[in-house]
Amino acid sequence: MSTLLDEALALYSRLPAAERFHVHARASSAPLLAVVERTPGGRVADIGCGHGLLSALLALSDPKREVHAVDPDPRKVGWAREALAGLSQVKLAEGTLEEVLAPSLPGTCEAAVVCDVLYLLPEEKWPGFLRTARGLLRPGGRLLLKEVEGDGSWKHRKALAQEWVMVSLLGRTKASGGMVLKPRAAMRALLEDAGFTVREVVDLGRGYTTPHVLYVAEASVP
């Protein structure tokens, strides 16, 4: 799997140094391969794709996978388009889940991946966001939600400080009033209220200085 990551990072070799640094930092600080390993084939929505590294990994790991990626930051989408130009199965768009994917892909996706996005939104928007993401999925489709756990640890506090730098100081990440981290029980409840059945909660913080947690959930069949 490390070869897969190397192959994806090579796509960014012609980007400016600052953008390459950002992508490599993302690769080393987040357990993206654990998300890829649990993502089914078919049509996948990558919500909040940033520079498109996870989209690249999803496409390279399964050439038959169709990835529809969206991000509200036009700069990152532009760099992603340049880097991933050779991956025809990746469709990149500027905008949000609600603006772009929900109208165009209702009930057609095998999976939706959301990595380090939810905490950047105002907390009151989380339930609606999750319900909208569920609307993309076929019955039994899979949501892979990777978030930072709000467990009160030093890793939790470090993650918040790091994101404050990225959002408020450097402007490298777009946020809309969020920066909230929740414990696992609260996240499970949110997912269940949004119409998901939580199948797996994976602790991915080992070896990282961030308390990563992956929630694997299925769209409940009415």
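Descriptive notes on the structure:
- Gap separating the Cα centres of segment 59-121 and segment 7-56, nearest whole Å: 11 Å
- Sites VAL221 and THR108 - FRET efficiency at Förster radius 22 Å, r taken between beta-carbons, to 0.05: 0.85
- Computed helical MRE - 222 nm, the chain, DSSP H runs ≥ 4 contributing -39500 (n - 2.57), nearest 500: -10000 deg cm²/dmol
- The shape of the chain can be summarised by an equivalent ellipsoid whose semi-axes, obtained from the alpha carbon gyration tensor, come to 23, 22, 17 Å from longest to shortest.
- If you count Lys pairs in the chain whose Cα atoms are under 21 Å apart, skipping same-chain pairs closer than 8 places in sequence, the total is 16.
- Length available on full extension from GLU37 to ASP193: 0.36 nm per residue minus the Cα-Cα distance, which gives 53.6 nm.
- From the Kirkwood radius over Cα pairs of segment 1-112, Stokes-Einstein at 25 °C and 0.890 mPa s returns a whole-number translational diffusion coefficient of 176 µm²/s.
- The shape of segment 74-124 comes out oblate: with a ≥ b ≥ c from the C-alpha gyration tensor, a/c is at least 1.5 while a/b does not beat b/c.
- Sulfur and carbon atoms: percent of accessible area, the chain [1.4 Å]: 54 percent
- With protein chains left intact and a 1.4 Å probe, residues in the chain average 45 Å² of accessible area per residue.
- Among ARG38, ARG206, ARG134, residue whose mean-square fluctuation peaks in a GNM of the chain (springs only between Cα atoms under 10 Å): ARG206
The values are calculated or read from the model by the stated rules, or taken from the named source; none is laboratory data. Predicted, not measured: the structure shown is a model, and the values here were computed from it. Neighbour counts are summed over all protein chains in view; Cβ atoms, including those assigned to glycine, are modelled from backbone coordinates with ideal geometry. Accessible surface is based on the protein model in full, side chains and every heavy atom, while ligands, DNA and RNA are left aside. Shrake-Rupley method; radii C 1.70, N 1.55, O 1.52, S 1.80 Å.
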